[in-house]
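What follows is a short report on a single structure.
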């Protein structure tokens, strides 16, 4: 995902507050923390809009692939926005596209990071792939966008 690529559309947006412990010794949010932001937004969406029961349900979702391009630093304190879209919806997997934005930045529409993640839905008891629950599929279909060029 080169920086010259146009900013993709995101069907869902969520706010994330940076935390004191997110900054590293360089004075900005550590790169590993971005993944926690993305994972939190994805799972909150699946729980709220898809009814995914992460504590007691028979089906759970594992991240099996992730990548992120870091385009501009962010730091504590701050409030960020994560954009979420679905690029591909399979039988038991989903490919997400994510963007991290700083609404207080001079260019609030320019992403600070662009990422992709893939979830595979599995049966909790044996961690084997299984079709995603229908309620989750419906929620994810609402986020489906054309793949980036």
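Residues in the range 112-130 that are assigned to a loop (DSSP other than H, G, I, E, B) and under 27 Å from residue 54 (Cα atoms): 124, 125, 126, 127, 128, 130.
Reported count of residues in the range 79-98, each being farther than 16 Å from residue 138 by Cα and either buried (at least 17 other Cβ atoms within 10 Å of the Cβ) or at pLDDT below 95 (or both), is 6. Residues in the range 30-52 that are farther than 15 Å from residue 98 by Cβ and surrounded by 13 or more Cβ atoms within 10 Å (Cβ to Cβ): 30, 47, 49, 50, 51, 52. The single residue among 109, 146 that is in a loop (DSSP other than H, G, I, E, B), under 26 Å from residue 52 (Cα atoms) and over 15 Å from the mean Cα position of the chain (by Cα) turns out to be 146. When restricted to residues that are under 13 Å from the mean Cα position of the chain (by Cα) and part of a loop (DSSP other than H, G, I, E, B), the range 26-54 contains 0.
The values are calculated or read from the model by the stated rules, or taken from the named source; none is laboratory data. All values derive from a computational prediction rather than experimental measurement. All Cβ positions, even for glycine, are placed from backbone atoms using ideal geometry, and neighbour counts span all protein chains on display.
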